[in-house]
Amino acid sequence: MRLYLLPISTRRILLYCQRLDAAATESKSLVDKAQDKVAKTWADWEKRDKGWQKTVVSYGNSAFRRIPYEEWGLKSVPPLSQRRKQMELMGSEHVEVVYPQSLLATDKVPRLLEKLATERQSLHRKRMTWCLVGMPLTAPIAILPVIPNLPFFYLVFRAWSHWRALAGGKHTTFLLENQLLKMKPSPIVDQAYANQRPPLASTSKATTELGAGDVKVPEFPPAALPGNVAGETMLLTQENATKMCQALELPQLEVELERAIWQVETAIHKQNAALAAQQGTAAESEAKSSVAASVGKEKSHQ
């Protein structure tokens, strides 16, 4: 098993797990088999030219893209079965942490991993509970002819998704607590970040609470420095993410990076729009105050 820590911006990091020789190390559980079956069915529906299956897939893929990339990342970490726990404790299964040393200091990697593994645990637990509560309420829709019970299946998927994210976070915490991780800076990953073409999207106010300084700002040439170093700046583009995945020979990672980059870029654009609106409102209020003050002075002179 190999963990990747990949900064998306100066305040956002993607955690992704690559499972190595999963078939050889551990037989698939019933949950994994069911997941494979659903994935195959979904892929078959995507191939259809029309029909309700194609419509469901179109709306579903749009909804999946909006599920936080942090959740997808934790879901990529397999649940900690008893067999896997024994293998990891005995050292028969090594777990590497791959990261860009130019952006992440080695001594900060364990703390960042702990934060990514634990910061959303209460959120996933609460939302999983609400999904479980809602499932029986949507079950009666199944009596309707022809129409599939999409609300029920969506809640089932979301409950499972939150459970997998919880399990992935617990597995990552287990690895940290037992010091089973081997740090492995990657020149390939570093090169992907070094080849960016600034200026990159940025905002003067961060879109998340990740501490400033956890991710280093690249040393761009002076003429191309990002305009909001103190706020939040994108560190990876879709183009370079694709090149990175090709160099790593890891096509599965490209999907996760594409989703994460899109979500962070969208958050930055929304933040900039909100800040611009606030500045416009402030400028308008200041102008009105100035006009009112001028009118008051004119009246006093009269």
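The values are calculated or read from the model by the stated rules, or taken from the named source; none is laboratory data. All values reported here derive from a predicted model rather than from experimental measurement. Here the Cβ is made from the backbone with ideal geometry for all residues, glycine too, and neighbour counts use every protein chain on show.
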Restricting attention to the range 133-154, which residues are touching a Ser or Thr at 6+ places or on another chain (Cβ under 6 Å) and surrounded by 16 or more Cβ atoms within 10 Å (Cβ to Cβ)? F152
All-but-one check, W42 against (1) in a helix (DSSP H, G or I); (2) under 21 Å from F153 (Cα atoms); (3) at pLDDT 65 or above, failing number (3)
Residue among V57, V97 that is in contact with a strand residue (DSSP E or B) (Cβ under 7 Å, 6 or more places away or on another chain), at pLDDT 70 or above and outside any loop (DSSP other than H, G, I, E, B): V97
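Condition first: of a type in the set (S, T, Y) and in a helix (DSSP H, G or I). Now tell me which residues in the range 231-264 satisfy that.
First, the residues of the range 231-264 that are of a type in the set (S, T, Y): 233, 237, 242.
Matches in the range 231-264: T242 only.
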Considering residues that are closer than 22 Å to T266 by Cα and either outside any loop (DSSP other than H, G, I, E, B) or modelled with pLDDT of 75 or more (or both), the number found within the range 205-223 is 4
Scope the range 176-203; condition touching a residue at least 12 places away in the same chain (Cβ under 8 Å), surrounded by fewer than 20 Cβ atoms within 10 Å (Cβ to Cβ) and in a helix (DSSP H, G or I); matching residues: L176, I188, D190, Q191, Y193, A194
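Looking at the range 26-38, can you tell me whether even one residue there is at pLDDT below 85, part of a loop (DSSP other than H, G, I, E, B), of a type outside the set (K, R) and surrounded by 13 or more Cβ atoms within 10 Å (Cβ to Cβ)? Before you say what the answer is, go through the steps one by one.
Here is the first cut: in the range 26-38, the residues at pLDDT below 85 are 26-38.
Add one more test, that the residue is part of a loop (DSSP other than H, G, I, E, B), and what stays is 26-29.
Now narrow it down to the ones that are of a type outside the set (K, R): 26-27, 29.
Cutting the leftovers down to surrounded by 13 or more Cβ atoms within 10 Å (Cβ to Cβ) gives us 26.
Scanning the range 26-38, I find at least one residue that is at pLDDT below 85, part of a loop (DSSP other than H, G, I, E, B), of a type outside the set (K, R) and surrounded by 13 or more Cβ atoms within 10 Å (Cβ to Cβ), so the answer is yes.
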Please list, ordered by first then second residue, the pairs with beta carbon atoms under 6 Å, 6 or more apart or interchain, first in the range 160-175 and more than 12 Å from H124 (Cα to Cα) and in contact (Cβ under 8 Å) with a residue 40 or more places away in the chain, second buried (at least 20 other Cβ atoms within 10 Å of the Cβ) and of a type in the set (D, E). none
Which ones in the range 118-130 are in a helix (DSSP H, G or I) and within 21 Å of the chain's Cα centre (by Cα)? T118, Q121, S122, L123, H124, R125, K126, R127, M128
Identify, from the list K108, K115, K85, K75, the residue that is in contact with a Phe, Trp or Tyr (Cβ under 8 Å, 6 or more places away or on another chain) and either within 25 Å of I8 (Cβ to Cβ) or in a helix (DSSP H, G or I) (or both). K85
Cβ contacts < 7 Å: first residue at pLDDT 90 or above, restricted to the range 128-149; second residue in a helix (DSSP H, G or I) and of a type in the set (K, R), any location; separation 6+ or different chain. Result? C131/R158
